[in-house]
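Following: one structure in structure tokens, then a few remarks.
Coordinate-derived values only; no laboratory data. Since this is a predicted model, take the numbers as computed values, not measurements. Positions of Cβ are backbone-derived with ideal geometry, glycine not excepted, and every protein chain shown enters the neighbour counts.
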Amino acid sequence: MEIDNLPPMELLRLQELRLQLDGIALEEDITSFFNALVIPNICHLELTRSRGFRQLPFMSLLLRPHKIDTMSFVPDGCTTECLLEFFRLVPSLRRLALNSPFEAPDEDWDPSPATLMTPPEECVRLDEVLLNHLTPTLPLNEPESSTVLCPLLEEIELRFSPDVVVPDDAIIRFLRARTTRAPEGITRLTHGSFFLKRAAKNSSPEILTEMRPERDIGLNPDVFYYPQPWIDRLANICPVFTPYQGIEVSEEPCDNWKPGFLLEMF
């Protein structure tokens, strides 16, 4: 059976779906898989990587009835508009984790061109602009519901892209707009984790110091900075290479094959 012609798969009891993409996974195959799913009671969806896909493969799933309130994925290939459309389709979202394809290293890790990749310009950046889209605003003469993305958001984790610098005041503005200054009808944020590709300005991060009133009413913010020695090493590296550079390819096709994805359902 061709994967692009899958019959509907109705899983009415499925509540949690985790999809780990590995090896060779084509965008059209993963998209076809989600197109065939009928899971109206799904609450938790996790996608470890989109592997440079130009669209989020699960978008068709969001156009059908669902109960998704928890999502975690890596939007490493889609555009900003695609990600914003995702936010519009999940107003019920309460927990969100967006991870840059670049993992935060430990202090002893020495970066090299073989471990970094510069994303194309049109790809979404996890940056201040994206954070501003998630910051509630109230333009005059417009209903609140039409200006706020993810109004029920309670927990968020953002690992910002390695090629951007997000200032502290942008994070503070976002947290306040979701807590002490939240518009009427917007759920208060209870937890926010932010991974920043820069060193802290001092031993007491400004964000945590500034957020004392919000912490007093239940906000639990976490801010993680990269160590300065690692930042200094990274500043001298500007690599651009293909995803397959440095990979040894066997002459036997079967030696190079890996499963396209790992699926977990609960």
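Structural remarks
- Modelled label positions at SER92 and ASN132, each set 7 Å beyond Cα in the direction of Cβ, lie 3.2 nm from each other.
- Charge context of PHE160, other residues only, Cβ under 12 angstrom, K/R +1, D/E -1: 0
- Coupling constants for the stretch 178-185 follow from the phi torsions by the Karplus curve (6.51 cos²θ - 1.76 cosθ + 1.60, θ = phi - 60°), and in residue order they are 9, 9, 5, 10, 5, x, 4, x Hz; glycine and proline get x.
- FRET efficiency for ASP222 and LEU6, using Cβ-Cβ distance with R0 set to 45 Å, rounded to 0.05: 0.65
- Under 14 Å, Cβ to Cβ, from ARG212 - net charge with Lys/Arg +1 and Asp/Glu -1: -2
- As a proxy for reagent exposure, GLU81, GLU184 were ordered by neighbouring Cβ count within 10 angstrom, fewest first; the result is GLU184, GLU81.
- Straightening the chain between ARG173 and THR209 buys 11.6 nm, computed as 0.36 nm per residue apart minus the Cα-Cα spacing.
- Per-residue HN-Hα couplings for the stretch 68-74 [Karplus 6.51, -1.76, 1.60; θ = phi - 60°; Hz; x = Gly/Pro]: 5, 10, 9, 9, 9, 6, 10
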